[in-house]
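S.K.: My questions will all concern the structure given below.
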Amino acid sequence: MLKQLRERITPTDIVMWVIGGAILALIIWGSVATLIAGRYSRYHWFDFLVFGLAQGSVYALIAMGYTLVYGVLRMINFAHSEVFMSGPYTAYYVAAAFYRSGFLDSHPILSLMVVFLVAMATSTLIAFLLERVAYRPLRNAPRLIPLITAIGASFFLQYTFRGLYGSGFQAYPVVKLLEGEIVFGEFRILRIHLVVIVAAALLLIALYSFIQRTRVGKAIRAVSEDKEASYLMGIDVDRMIVTTFVIGGMSAGAAGVLYALMFKQVHFFMGFIPGIKAFTAAVLGGIGNIPGAMLGGIFLGLFETLGPSLFLDGLGIRAPYQLKDAIAFTMLVLILIFRPTGILGERLAVKKA
Amino acid sequence: MKQSIKIGLIGGLVAVLLALIGMVEAFSQRDIISGIISMGHTLLLLVAVFMGYLAAKRTVGSRPLRILANSLLCGLVVGALLACLVLLGHVVNLRTVFVNAMPPLYQLLTFNQELGTGILILLGAGVLSGVFAGMLYLVPGLARRILIISLSSIVGVGVLQDMLRPTFSLWGPLAIINEWLYTANGLTLSGAFGLFILIAAGSYFWARRGNAIRTDLQRMPATRQRVLKAGVFIILIVVLLALPRVLGLFLSEVITIVGLYVLLGLGLNIVVGYAGLLDLGYVAFFAIGAYTMAILTSPELGFFSLSFWEALPFSIIMGVLSGVILGIPVLKMRGDYLAIVTLGFGEIIRILVLSDFLRPWLGGAQGIAKIPKAHLGNFEFSGPQQIYYLILAGCLLVGLISYKLRDSRLGRAWMAVREDEDVAQAMGINLVATKLLAFATGAGFSALSGAIFASKLASVYPHSFNVMISINIVCVIIVGGMGSIPGVIVGSIALVGLPELLREFAEYRLFVYGTALVAMMLLRPEGLLPEAVRRRELHEEEIPKTGSDLVEESGSIK
């Protein structure tokens with residue numbers, strides 16, 4: 001029994017577990033230290049929580065694109081972050097025009113809807129073109145090749161938009177309707193955070209029921225289970241793949257506008273960090289798994305906003321908020337090492353990765 | 001008919017996109033042939049000709065007139081779309097959205113004429129390039145090749161004028177060529193014609209006699225072949241040693257940058273090219289090498305003040321160690337996941353270096369300055385012309401090591417892992433050791449490069465080590481050909497050297513990288529100078545069948 005166990009555990013496993021244990025211990029120690037020190041009041045924690053939820057729900061929306069495409073094509077659409085960027089960046093010009101003409105203030109809901117539509121249409125178009133031009137010819141190529149293509153496409157898109165719209169930051173116009181705070185008893189929430197959370201939740205529910213309830217959604221799920229079998233069952237696999245990209249593009253475009261409304265600026269490089277975070281979220285929930293991506297996004301958002309003050313502060317690290325991105329990346333690395341199947345991981349055992 | 005309109009529309013959209021992102025205008029600063037055609041126009045013409053050629057190729061049937069009509073139509077459509085852009089730009093102010101849609105662009109597209117005549121000329125140019133493409137398709141293969149070679153070398157000589165002109169003028173007798181060939185901006189007309197005739201004649205001669213010369217060489221006795229090879233080798237070494245003297249300060253700087261990328265590329269080539277582990281965080285090891293050098297040598301931090309040579313081994317050892325440490329967690333990962341995790345590693349290291357938390361040790365956003373230069377006796381590796389030798393030595397060493405490793409037991413193990421991990425393991429290859437050695441070797445080379453980089457700049461900043469460097473290196477080895485050592489060199493020259501030389505290119509560098517990666521993967525996944533094994537692998541179906549296969553097939557029919 002003991003011998004069997006010894007044979008199964010390799011030295012690398014031991015190293016890994018030691019590293020994992022050490023990080024976990026650090027997190028617990030840091031959190032306890034922070035809580036004992038009591039630097040933050042419960043209002044602070046509530047603020048962190050709401051901001052985390054808002055950010056997390058945007059990540060969840062982007063993560064849908066990664067997870068759906070991974071499901072059908074078994075590839076990481078590295079350029080999805082640019083699909084995300086293209087929407088709000090293009091819609092910025094519509095929003096700015098509305099703002100200048102005063103239409104944004106007189107009809108805020110209508111103009112926001114137009115902005116959303118433009119963003120979603122652009123992102124969808126980009127996702128569609130991406131699939132058609134870059135990925136379709138490589139359907140049966142060795143694994144590394146589509147990945148490299150995706151990286152190339154990502155840079156191509158970034159710098160195309162840089163060339164088209166310029167390299168500076170553009171400030172998203174302020175929507176008066178979304179300014180201010182809402183008071184719930186003794187807690188206050190920024191209105192924009194509430195709007196983002198609600199809008200993202202609605203979109204996620206709509207997406208989920210589309211995938212679960214409709215015929216097309218069923219077909220997409222079938223394709224991601226087994227391409228050949230679904231082809232034999234009369235499903236147009238190519239069309240389903242395109243549909244997947246379109247759905248991913250739409251949700252990325254909507255997420256992009258929410259993100260731009262929250263952070264108030266757009267830039268050609270704005271997709272990179274949220275893109276990787278959303279990918280982390282998708283992996284966290286188990287890539288290819290749709291509820292997993294939603295859960296992973298929200299979890300990551302919370303972890304990222306609570307983390308720096310919760311455990312880095314307690315460890316006596318200066319300016320912990322600077323390390324926010326490092327937390328997300330560390331988490332990605334840790335999940336991939338210890339539980340590559342993610343929280344809800346059903347698919348993607350090591351052999352498929 | 002429909003097909004060629006479709007191809008023309010695609011080409012037109014590409015041309016409009018190139019115009020709108022500002023590439024055409026940026027490139028029009030430089031004339032290829034003085035006063036006649038600029039680089040920007042050449043870019044658009046290339047699109048039109050390429051699309052026209054495609055249209056000609058896709059034509060059903062082989063009637064020359066039909067082919068010509070199709071390519072003409074395609075060229076016309078490309079021109080028409082550009083004309084639409086100009087017209088639209090005159091009606092609406094596109095500038096509010098597209099930053100580059102400015103009057104100079106329209107002037108450029110209408111050849112500095114009035115709107116009406118300009119658009120007619122634009123359409124005419126489209127038609128002409130379409131017809132040219134059709135003709136190109138119709139003429140026999142040899143003539144087509146000669147035409148393409150000589151035209152592209154005119155473009156090449158024109159594009160590289162800034163590099164060639166000063167080089168020519170440094171050498172007394174060559175200065176005459178300079179005057180004949182170049183004006184202040186671009187080639188002279190007579191120079192371009194002369195060059196065209198010269199190169200056309202040369203390539204015709206080579207096409208006729210090339211094979212004969214090659215067989216002559218092969219038939220030579222072995223001893224003479226060896227002497228010839230040694231001679232070529234010695235000439236190469238002499239040229240390499242003399243290069244910074246010949247080229248002057250600016251070009252030496254460019255070459256040192258290319259050299260650093262060759263070093264980095266050779267390192268990543270082992271990880272990605274040999275072992276097939278796509279590492280997107282390769283810049284981490286570059287940073288580790290550079291920072292180790294900085295911490296150990298810079299008096300600014302005051303921990304140590306070693307000399308360059310004393311610190312160099314520590315840099316490399318730190319690189320190797322971190323390669324192993326970062327390698328262990330990712331041992332079980334493959335493909336996409338590995339890429340993302342290594343990308344994460346690269347970013348984690350950059351964020352840590354940038355943070356205030358580690359500032360007392362790593363200098364934070366201000367970095368570390370006052371890194372001493374390397375000395376060898378009395379020779380100081382101070383400017384680019386001196387550092388060049390350091391980098392050259394590094395490249396030769398690393399090149400030799402990776403050349404020797406390729407055919408070694410370890411190299412073959414790496415390639416086996418690249419092809420199929422499970423099978424490799426079943427064949428008795430120790431996956432853990434093999435992969436870790438790949439990471440460690442690659443990281444060591446990268447750290448060496450980083451150490452030289454730190455001493456070259458005399459300072460290190462976290463911003464020098466962003467994810468773009470990793471992507472650049474990946475591009476270099478992919479464009480050059482994964483696993484191929486000459487490929488790394490060609491890739492670095494093409495992707496790092498050219499953008500340094502062409503200042504208008506700099507802005508579009510990553511755009512071109514992205515395009516190159518996608519185009520490479522779609523059209524020629526094995527790279528420009530592929531390794532033989534890899535080419536065979538990626539083009540399995542295209543290998544001509546051997547005799548026995550054919551016999552078997554015909555046998556089965558009977």
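The values are calculated or read from the model by the stated rules, or taken from the named source; none is laboratory data. Being a predicted model, the structure only gives us computed values, none of them experimental. Positions of Cβ are generated from backbone atoms using ideal geometry, with glycine treated the same way; all protein chains shown enter the neighbour counts.
S.K.: Looking only at the stretch B:51-66, count how many residues are touching a Ser or Thr at 6+ places or on another chain (Cβ under 8 Å) and assigned to a helix (DSSP H, G or I).
M.R.: Counting residues in the stretch B:51-66 that are touching a Ser or Thr at 6+ places or on another chain (Cβ under 8 Å) and assigned to a helix (DSSP H, G or I) gives 6.
S.K.: Looking at (1) in a helix (DSSP H, G or I); (2) within 30 Å of A:A141 (Cβ to Cβ), find the lone condition where A:V94 falls short.
M.R.: With (1) in a helix (DSSP H, G or I); (2) within 30 Å of A:A141 (Cβ to Cβ) applied to A:V94, the lone miss is (2).
S.K.: To continue, here is another question. Of all residues in the stretch B:297-336, which are crowded, with 22+ Cβ neighbours inside 10 Å and among the hydroxyl-bearing types (S, T, Y)?
M.R.: Those that are crowded, with 22+ Cβ neighbours inside 10 Å and among the hydroxyl-bearing types (S, T, Y): B:T297, B:S298, B:S315, B:S322.
S.K.: Report yes if B:I316 is in a helix (DSSP H, G or I), within 14 Å of another protein chain (Cβ to nearest Cβ) and not small (G, A, S), otherwise no.
M.R.: no
S.K.: Checking the condition farther than 24 Å from B:A413 by Cα and away from chain A (no Cβ under 13 Å), which residue from B:G487, B:G497 passes?
M.R.: On inspection, the qualifying residue turns out to be B:G497.
S.K.: Here's another thing I want to ask about it. Suppose we keep only residues that are closer than 20 Å to A:A260 by Cβ and free of Cβ contacts under 8 Å to residues at least 40 places away in the same chain within the stretch A:177-193. Which one would you say is surrounded by the most Cβ atoms within 10 Å (Cβ to Cβ)?
M.R.: A:R191
Residues checked against (1) in contact with a Gly (Cβ under 7 Å, 6 or more places away or on another chain); (2) among the polar types (S, T, N, Q):
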position	(1), (2)
B:G411	no, no
B:R418	yes, no
B:M427	no, no
B:A433	no, no
B:G444	yes, no
B:S449	yes, yes
B:S464	no, yes
B:V488	yes, no
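S.K.: Scanning the stretch B:371-402 for residues that are assigned to a helix (DSSP H, G or I) and exposed (fewer than 15 other Cβ atoms within 10 Å of the Cβ), which turns out nearest to the chain's Cα centre (by Cα)?
M.R.: Per the criteria, the residue is B:L396.
S.K.: Going residue by residue through the stretch A:293-315, is there one that turns out to be over 30 Å from A:R215 (Cβ atoms), of a type in the set (A, V, I, L, M, F, W, C), surrounded by 23 or more Cβ atoms within 10 Å (Cβ to Cβ) and over 13 Å from the mean Cα position of the chain (by Cα)?
M.R.: Yes, because at least one residue in the stretch A:293-315 is over 30 Å from A:R215 (Cβ atoms), of a type in the set (A, V, I, L, M, F, W, C), surrounded by 23 or more Cβ atoms within 10 Å (Cβ to Cβ) and over 13 Å from the mean Cα position of the chain (by Cα).
S.K.: Are any of the residues in the stretch A:79-86 touching a Pro at 6+ places or on another chain (Cβ under 8 Å), farther than 30 Å from B:L523 by Cα and within 14 Å of chain B (Cβ to nearest Cβ)?
M.R.: no
S.K.: Count, please, the residues in the stretch A:24-73 that happen to be buried (at least 19 other Cβ atoms within 10 Å of the Cβ), of a type outside the set (S, T, N, Q) and within 14 Å of chain B (Cβ to nearest Cβ).
M.R.: Total satisfying the criteria: 7.
S.K.: B:S484: crowded, with 24+ Cβ neighbours inside 10 Å, assigned by TED's automatic domain parsing to the domain that holds B:I316 and in contact with a Leu (Cβ under 6 Å, 6 or more places away or on another chain), yes or no?
M.R.: yes
S.K.: Moving on to the next point. What pairs come up if the first residue lies in the stretch A:157-176 and is more than 9 Å from chain B (Cβ to nearest Cβ), the second is among the acidic types (D, E) and not in a loop (DSSP other than H, G, I, E, B), and their beta carbons are under 9 Å apart, counting only those six or more places apart or on different chains?
M.R.: Cβ pairs passing all conditions: A:V175/A:D105; A:K176/A:D105.
S.K.: Still on this structure, please answer the following. Taking the stated definitions as given, is A:I148 within 14 Å of chain B (Cβ to nearest Cβ), under 21 Å from A:F279 (Cα atoms) and surrounded by 14 or more Cβ atoms within 10 Å (Cβ to Cβ)?
M.R.: So A:I148 passes the test.
S.K.: Which one is nearest to the other protein chains (Cβ to nearest Cβ), of the residues in the stretch B:457-481 that are buried (at least 24 other Cβ atoms within 10 Å of the Cβ) and more than 15 Å from the chain's Cα centre (by Cα)?
M.R.: B:F465
S.K.: Related question: Quick check on B:S446: is it at pLDDT below 90 and of a type in the set (S, T, Y)?
M.R.: Numbers: at pLDDT below 90: no; of a type in the set (S, T, Y): yes.
No; evaluated as a whole, the condition is false for this residue.
S.K.: While we're looking at this one, here's another question. Which numbered condition trips up B:N93, out of (1) without any contact (Cβ under 8 Å) to a residue 12 or more places away in the chain; (2) under 30 Å from B:M1 (Cβ atoms); (3) within 14 Å of chain A (Cβ to nearest Cβ)?
M.R.: Result: B:N93 fails condition (2) only.
S.K.: Quick one: B:P140 ticks every box in (1) surrounded by 15 or more Cβ atoms within 10 Å (Cβ to Cβ); (2) under 30 Å from B:V60 (Cα atoms) bar one, so which box is it?
M.R.: Just one mismatch for B:P140, condition (1).
S.K.: Quick one: count up the residues across the stretch B:339-361 that are touching a residue at least 60 places away in the same chain (Cβ under 8 Å), more than 7 Å from chain A (Cβ to nearest Cβ) and of a type in the set (D, E, K, R).
M.R.: So the answer is 1.
S.K.: Restrict the check to the stretch A:109-119 and report whether at least one residue is surrounded by 24 or more Cβ atoms within 10 Å (Cβ to Cβ), modelled with pLDDT of 90 or more and within 13 Å of chain B (Cβ to nearest Cβ).
M.R.: Among the residues of the stretch A:109-119, not one is surrounded by 24 or more Cβ atoms within 10 Å (Cβ to Cβ), modelled with pLDDT of 90 or more and within 13 Å of chain B (Cβ to nearest Cβ), which makes the answer no.
S.K.: Go through B:G79, B:G116, B:G124, B:G134 for me and flag whichever is over 30 Å from A:Y93 (Cβ atoms), surrounded by 21 or more Cβ atoms within 10 Å (Cβ to Cβ) and of a type in the set (G, A, S).
M.R.: Values: B:G79 fails: over 30 Å from A:Y93 (Cβ atoms); B:G116 fails: surrounded by 21 or more Cβ atoms within 10 Å (Cβ to Cβ); B:G124 fails: surrounded by 21 or more Cβ atoms within 10 Å (Cβ to Cβ).
Answer to the selection: B:G134.
S.K.: To continue, here is another question. For B:F98, which of the numbered conditions (1) away from chain A (no Cβ under 14 Å); (2) crowded, with 16+ Cβ neighbours inside 10 Å; (3) in contact (Cβ under 8 Å) with a residue 24 or more places away in the chain fails to hold?
M.R.: (1)
S.K.: How about the stretch B:506-530: which of its residues are in contact (Cβ under 8 Å) with a residue 24 or more places away in the chain, more than 9 Å from chain A (Cβ to nearest Cβ) and either under 22 Å from B:L164 (Cβ atoms) or in contact with a helix residue (DSSP H, G or I) (Cβ under 6 Å, 6 or more places away or on another chain) (or both)?
M.R.: Within the stretch B:506-530, B:E526, B:G527, B:L528, B:L529 meet the criteria.
S.K.: With B:L321, B:L326, B:L280 as the choices, which residue is within 20 Å of B:F445 (Cβ to Cβ), outside any helix (DSSP H, G or I) and at pLDDT 80 or above?
M.R.: Being within 20 Å of B:F445 (Cβ to Cβ), outside any helix (DSSP H, G or I) and at pLDDT 80 or above holds for just one of B:L321, B:L326, B:L280, which is B:L280.
S.K.: So which pairs qualify, if the first residue must be in the stretch A:324-340 and at the interface with another protein chain (Cβ under 7 Å from one of its Cβ atoms) and closer than 17 Å to A:A282 by Cβ, the second must be buried (at least 19 other Cβ atoms within 10 Å of the Cβ) and not aliphatic (A, V, I, L, M), the Cβ gap must be under 6 Å, and the two must be at least 6 apart or on different chains?
M.R.: What qualifies is A:F329/B:G344; A:F329/B:E347; A:L332/A:T280; A:L332/B:G344; A:V333/B:G344; A:L336/B:Y337; A:I337/B:P329.
S.K.: Further, regarding this structure: Would the stretch B:419-436 turn up any residue that is away from every other protein chain (no Cβ under 14 Å) and either buried (at least 24 other Cβ atoms within 10 Å of the Cβ) or touching a residue at least 60 places away in the same chain (Cβ under 8 Å) (or both)?
M.R.: no
S.K.: Hey, among B:S34, B:S62, B:S38, which residue is at pLDDT below 80 and closer than 17 Å to B:V155 by Cα?
M.R.: B:S34
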